[in-house]
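Coordinate-derived values only; no laboratory data. Just so you know, these numbers come straight off a predicted model, no measurement behind them. In this analysis, Cβ positions are derived from the backbone assuming ideal geometry, glycine residues included, and neighbour counts consider all displayed protein chains.
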Amino acid sequence: MSQQPTGGPSITQERRLVTAIPGPRSQELAARKAKAVASGVAVGLPVQVVAAGGGILVDADGNQLIDLGSGIAVTTVGNSAPRVVEAVTRQVAEFTHTCFMVTPYEGYVAVAEKLNELTPGTHEKRTALFNAGAEAVENAVKIARSATGKQGVVVFDHAYHGRTNLTMAMTAKNMPYKKGFGPFASEVYRAPLSYPFRDGGRDGAEAARRAIDVIEKQVGAENLAAVVIEPIQGEGGFIVPAEGFLPAIVEWCRANGVVFVADEVQTGFARTGELFACDHEGIVPDLIVTAKGIAGGLPLAAVTGRAEIMDAAHPGGLGGTYGGNPLACAAALAVFETIEAEGLVDRARTIGKTMTERLAALQEQDPRIGDVRGRGAMIAVELVKPGTTEPDADLTKKVAAAANAQGMVVLTCGTYGNVLRFLPPLSMPDHLLDEALELLAGIFAETRQEG
């Protein structure tokens, strides 16, 4: 049996419903939120979490929910991984902040050294630390522009890169990320992605030729600083490009002096059954952007890449007040240690195998499940009208709501709003994962009967 880290040892690893979801205390907090928090900050499942660990979230009403979201791929090692808790506790007692740009400290350097070692490629690397994925993506573009002297940036259909002005321009989906927030940054261009479920049998090489043709005709390599892509798309629907697509794009970038940037904000740090999603096809990016799972829930992000590209920005051109905060750096070092010590890359593969097999079996019985895809503990199902590829967003909302009501945190995504995405923490024990999949099967059966 695979190793099953649990973290949060005081929390029993069982689903428990004491009240309806959300319960009265959670509803009290929701009422307070409505009066105190800007309405633009929406909530998927309004339960007030008071403790978490392993694969369980505990709410203020005593309910225990199975966590299939990991805070959107953040708590990959668990919400209260012992090494992370210990490291942060130790650091907070020493000092919480000095600003690395004012008086540096070892933690920042140690995280940079580790990222230079762990990320794909054996070339000489440099790293800069930031606070969140969008900030890191934006800095990767700054670095690429500085290194190449060019301005253009190519992104892809269905992409999600963040909520800052530049990254909103890079993001494909209008609602809720872009509507009413323009004008957006210029010199951002979009190319077609390899989307196997919707590509009519087009293989990776052919899809790459289509994308490159668009890039060459509509942008021109001579104007292009960077191509930025998620090796597996996140918010866009957990789309895994067909084999050969990514290597062909990398080859074109190398031949044309364009910086290839891998946005591994959601896919990094063991999530996909490799340390990084690029590793599945041996992709070596020029720059790689990481965040989310890097620090066990503390805000940290990074850009790591070829030394000659990273060093192109002038001294003082990169940074930020909180970038590489000491607490977040301590947490990140503990996350790296936890991944290795607990065999979490293998654990992600085991979780992925279980989920894919069970969901594929469900797909055989239910024509509304158009596609099962993903890697490791990053798995999705795309829901459609039976016998078609027409997206069924209503069914997706219904299944997610039913899962929530039964004590499971389930997230949706996709350009068409018709994808259920599953991101269990790698600390989730097998019996909880099995229970979650059984509950999902039951929900699909119930919705079939209702339909």
Legend entry - Residue order, fewest to most surrounding Cβ atoms within 10 angstrom, among 86, 342: 86, 342
Inset, instruction - Express as a percent, rounded to the nearest 5, the fraction of DSSP beta bridges in the chain (both residues included) that run antiparallel. - result: 65
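Is it possible to state the helix-based mean residue ellipticity at 222 nm for the chain, with each DSSP H run of 4+ residues giving -39500 (n - 2.57), the sum divided by total residues, to the nearest 500 deg cm²/dmol? What is it? List each step's numbers first, then the result.
Working: 13 runs with 168 residues, N = 451.
So the calculated ellipticity at 222 nm is -12000 deg cm²/dmol.
State which helices in the chain qualify, where a helix is a whole DSSP H run, it must extend 27 Å or more along its own axis by its Cα atoms, and its mean Kyte-Doolittle hydropathy must be at least -1.0. Could you put the intermediate results ahead of the total?
Values: long enough: 344-365 (32 Å, -0.45); 430-450 (30 Å, -0.08).
Length and hydropathy pass: 344-365, 430-450.
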Inset, instruction - Quick one: check the C-alpha center-to-center distance for segment 61-115 versus segment 14-39, whole angstrom. - result: 26
Inset, instruction - For residue 398, go through the lysines and keep the ones whose alpha-carbon is under 20 Å away, minus same-chain ones fewer than eight residues off. - result: 385
Inset, instruction - May I ask you to derive the relative contact order of the chain, considering only C-alpha pairs under 8 Å and at least 6 residues apart, and to give it as an integer percent? - result: 23
Inset, instruction - Quick one: check the C-alpha center-to-center distance for segment 332-362 versus segment 153-179, whole angstrom. - result: 29
Inset, instruction - Assign one of three labels to segment 320-436, namely rounded, prolate or oblate, based on the Cα gyration tensor with a ≥ b ≥ c the square roots of its eigenvalues; rounded applies when a/c is under 1.5, prolate when it is not and a/b is larger than b/c, and oblate otherwise. - result: prolate
Inset, instruction - Could you size up the charge dipole of segment 280-430 around its Cα centre, putting +1 on the beta carbon of Lys and Arg and -1 on that of Asp and Glu, and report it in debye to the nearest 20? - result: 360
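Antiparallel versus total DSSP beta bridges in segment 221-313: what percent is that, nearest 5? Write down the numbers at each step before the final one.
Details: 4 of 11 bridges.
Around 35 percent antiparallel, to the nearest 5.
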Inset, instruction - May I ask what percent, to the nearest 5, of DSSP beta bridges between residues of segment 84-341 are antiparallel? - result: 40
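For segment 84-341, what does the alpha-carbon gyration tensor say about shape, rounded, prolate or oblate, given a ≥ b ≥ c as the root eigenvalues, a/c under 1.5 as rounded, and a/b over b/c as prolate? Before the final figure, lay out the partial values.
Numbers: a/c = 1.74, a/b = 1.56, b/c = 1.12.
Since a/c reaches 1.5 and a/b is larger than b/c, the shape of segment 84-341 is classed as prolate.
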Legend entry - Eligible lysines near residue 114 by straight Cα distance, threshold 18 Å, same-chain separation 8 or greater: 125, 292
Inset, instruction - Take the alpha carbon atoms of segment 261-313, find their center, do the same for segment 381-418, and report the distance between the two centers in whole angstrom. - result: 29
Inset, instruction - Using a/c under 1.5 as the rounded threshold, could you call segment 366-434 rounded, prolate or oblate? The axes a ≥ b ≥ c are square roots of the C-alpha gyration tensor eigenvalues, and prolate needs a/b larger than b/c, oblate otherwise. - result: prolate
Inset, instruction - For residue 150, go through the lysines and keep the ones whose alpha-carbon is under 16 Å away, minus same-chain ones fewer than eight residues off. - result: 142
Inset, instruction - Note down the magnitude of the dipole of segment 84-341 about its Cα centre, charges +1 on Lys and Arg C-beta and -1 on Asp and Glu C-beta and zero elsewhere, to the nearest 20 debye. - result: 860
